[in-house]
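Worksheet for the structure shown next.
The values are calculated or read from the model by the stated rules, or taken from the named source; none is laboratory data. It should be emphasised that the depicted structure is a prediction, and the values quoted were computed from it without experimental measurement. Glycine also receives a Cβ, built like all others from the backbone with ideal geometry; neighbour counts cover every protein chain displayed. Just the protein is used for accessible areas: all its heavy atoms, side chains included, with ligands, DNA and RNA removed. Shrake-Rupley method; radii C 1.70, N 1.55, O 1.52, S 1.80 Å.
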Amino acid sequence: MQVHKADGAAEGDSRLLRWEQRVELPLFAASLLFLGGYAVRVLAHGAPVWRDLALALVLLTWLMFAVDYAVRLGLSGQGARFVRTHWLDTVVVLLPLLRPLRMVKVYAAVQRRRGEPRLSLHVRVIAYAGMSAVLLGLSGALAVYQQEHSAPDATIRTFGDAVWWTCSTLTTVGYGDVAPVTALGRVIAVGLMTCGLALLGAVTGSFSSGLLQVFGREDEERPPAS
């Protein structure tokens, strides 16, 4: 009985792996299309036709991610455990604005494609954090601009204001010259602040650890004093 269960689990993992490899590039393209469609939807105020087309594109990409998630959930045979272990995919389906983070996962898969990763652990952490910051920053700027630009007493009136605010928020500088005034805008701000702290901690921690390793190797290679 246990042997049959193990064989079934291995077969399920194999099918899941084949599916993920098959849809990797289409979902990467869907992430790009979603971000482009959402940007057009938010910024193209005087072009209703383009905004309608962008909305259709955004909904289509959401459907692609939802179908992919449902298929992988079924192939895994893990139920609730799959939801916990694949939390990023779960969040991406529930929160569409985080969908571009899928590109970070694809980049990680490309790095592992030929066996061992091509970059060291510390460089990979910094690269992933940098990609995440850019994607989150662009998505956050679009979301905040959408909520704030027409609100009474808003200080974020243009997309440039939103980008400036997002940069100061993600880097934890927080000049305070512009700030969201709507409830949803402030919720987005809290999310960006949390992500900014996490990304900054990942980059500084990895950079410090890499320096310690370099200095440690130099000490080991240094000839003993006579």
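List of remarks:
- Region 176-196, subset hydrophobic (A, V, I, L, M, F, W, C) and open to solvent by 70 Å² or more (accessible area, probe 1.4 Å), residue nearest to Ala44 (Cα to Cα): Leu184
- Those residues of region 126-181 which are in a helix (DSSP H, G or I), of a type in the set (A, V, I, L, M, F, W, C), more than 14 Å from the chain's Cα centre (by Cα) and over 19 Å from Gly201 (Cβ atoms), in sequence order: Ala141, Leu142, Ala143, Val144, Phe159, Ala162, Val163, Trp164, Trp165
Rundown of residues vs (1) under 19 Å from Leu94 (Cα atoms); (2) among the aliphatic types (A, V, I, L, M); (3) open to solvent by 70 Å² or more (accessible area, probe 1.4 Å), yes/no style:
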| residue | (1), (2), (3) |
| --- | --- |
| Phe34 | yes, no, no |
| Pro48 | no, no, yes |
| Ala56 | yes, yes, no |
| Ala66 | yes, yes, no |
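- If the condition is being modelled with pLDDT under 85 and hydrophobic (A, V, I, L, M, F, W, C), then region 20-33 contributes Val23, Leu25, Leu27, Phe28, Ala29, Ala30, Leu32.
- Taking the criterion of being among the aliphatic types (A, V, I, L, M) and open to solvent by 20 Å² or more (accessible area, probe 1.4 Å), the residues of region 137-175 that qualify are Leu138, Val163, Leu170, Val173.
- Residues of region 46-77 that turn out to be in contact with a His (Cβ under 9 Å, 6 or more places away or on another chain) and not in a helix (DSSP H, G or I), as a count: 0
- With respect to the conditions (1) touching a Lys or Arg at 6+ places or on another chain (Cβ under 9 Å); (2) in contact (Cβ under 8 Å) with a residue 40 or more places away in the chain; (3) not hydroxyl-bearing (Ser, Thr, Tyr), Pro180 lacks only one, and its number is (2).
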